[in-house]
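Worksheet: the structure to be examined is printed underneath.
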Amino acid sequence: MKFFKSAGLAAALAFSVATAALAAGPELNASSTGLAMQGYDPVAYFTLGEATKGSYKISALHNDAQYWFSSEEHKAAFQADPDAFLPEYGGYCAFGAAMGFKFDGDPHHWKIVDGELFLNLSQDIQDRWTKDIPGFIQQADANWTEIEDKEPSSLQQ
């Protein structure tokens with residue numbers, strides 16, 4: 001009987017995550033299962049100062065995406081004010097957004113600027129981004145209004 005309870009819970013979790021993925025739009029960088037930030041805790045960047053993997057056992061749904069947290073405290077802080085912790089540009093690469101594209105933001109290549117979380121595709125891209133952070137943020141902000149609702153693949157044509 002214990003197996004069936006676990007299997008039922010797993011099936012319910014899988015269904016809810018899959019349903020979230022179907023509803024998430026192109027403005028959010030989430031996996032096909034609806035998982036945002038590759039399962040990294042968005043609050044940890046601000047409280048711990050490092051990329052910290054979250055747990056599926058401590059999760060919250062926000063704007064049709066699933067976020068994982070490393071503690072109940074982080075989950076509560078996120079639920080109280082999600083916009084304070086969400087990465088800019090839907091979690092896509094900040095440098096890519098500045099160039100008018102949507103590339104995956106890697107949770108290991110990040111920076112907090114003026115209280116906002118930015119992700120980049122890779123270390124070499126982040127190195128280029130840090131050479132003119134204010135300029136690239138200005139470019140990305142301007143581009144984001146044009147590309148936010150577009151599928152990433154449509155921007156590469």
- Please check which bits of region 39-53 a label hung off residue 114 would reach, taking the label as a point 7 Å along Cα-to-C-beta and the cut-off as backbone N under 19 Å. 46
- Task: Could you name the aspartates and glutamates whose alpha carbon sits less than 20 Å from that of residue 75, not counting residues in the same chain fewer than 8 places away?
- Result: 41, 50, 64, 83, 88, 116
- Task: May I ask you to derive the FRET efficiency for residue 33 and residue 79 from their Cβ-Cβ distance with R0 = 25 Å, giving the value to the nearest 0.05?
- Result: 0.75
- Query: Highest mean first, what order results for 125-136, 58-69, 87-98 on Cβ atoms within 10 Å?
  - Reply: 87-98, 58-69, 125-136
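Bear in mind that the values in this text are calculations on the coordinates, not laboratory data. Computed from a predicted structure; not experimentally measured. Methodologically, a virtual Cβ is constructed for each residue, glycine included, from the backbone with ideal geometry; neighbour enumeration extends over all protein chains shown.
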